[in-house]
Amino acid sequence: MRKVEVQPYNDQWITKFEEEAVQLQNVFGSQIQKIHHIGSTAVKGLQAKPIIDMMIEVHDINLIITYHAQMIAIGYKPKGENGIDKRRYFQKGGDNRTHHVHIFEIGSPDIVRHLAFRDYLRTHGDIAKMYGDFKERLSRSFPFDSKSYGKHKDPLVKVIERQALEWYRKMNG
């Protein structure tokens, strides 16, 4: 059973992202346009579950299935779309998860959604603090119930995401 644990920000999360990005670049090669560090571990100072979320922009999402054996060889479990249309999702670490990889084809609106959320929290420290504190309280309320943790976190994520997208569009024309 996985424990829902929200921890104080850790500078090592950036290093873990960079190290894993090298491995993923080796797997996907020229298929990759860009690898992004997303999610709470990508926001300096934000409390987070210590799982590194990575987003890869690729040229052809339909080719990702051909990389499953290589991803399994470096410890990932393929999860298909896993609830998000036109995404390919992988988890590493089993019940002690260390990484999530979200793969989208270049031009997917989900890329902007993830980057807007991350960048909004990076530039709005008050919102990031409120969000981190909320997640920490939820982790204490649902220490062994990740489904309830996510269900209770989702409404706040949606509110922040709407604000982030509006802000992002204003910032990027």
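Quick note: the coordinates plus some simple rules give every number you see, no bench work behind them. Not measured: the values here are computed from a predicted model. Backbone-built Cβ (ideal geometry, glycine too); neighbour counts: all protein chains shown.
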Margin query: As a footprinting exposure proxy, order M55, M171 by other Cβ within 10 Å, with the fewest listed first.
Written below: M171, M55
Check: In the chain, what percentage of the DSSP-assigned beta bridges are antiparallel, given to the nearest 5?
Finding: 70
Notebook entry, point to check: Dividing the alpha-carbon Rg of segment 34-173 by 2.2 N^0.38 Å yields what?
Noted result: 1.08
Notebook entry, point to check: Are there trypsin sites (Lys or Arg not before Pro) in segment 4-85 that DSSP marks as loop and that have at most 15 other Cβ atoms within 10 Å, and which are they?
Noted result: K44, K79
Margin query: Quick check: residue separation of S146 and Q70 times 0.36 nm, minus the Cα distance between them. What number comes out in nm?
Written below: 24.5 nm
Notebook entry, point to check: Can you tell which of I111, I52, I72 shows the greatest fluctuation in a Gaussian network model of the chain with Cα springs below 10 Å?
Noted result: I72
Notebook entry, point to check: Stokes-Einstein at 10 °C, 1.306 mPa s, Kirkwood radius from Cα pairs: D for segment 44-100 in µm² s⁻¹?
Noted result: 127
Check: Counting Lys and Arg as +1 and Asp and Glu as -1, each charge on the Cβ, what is the dipole of segment 12-172 about the Cα centre in debye, to the nearest 20?
Finding: 420
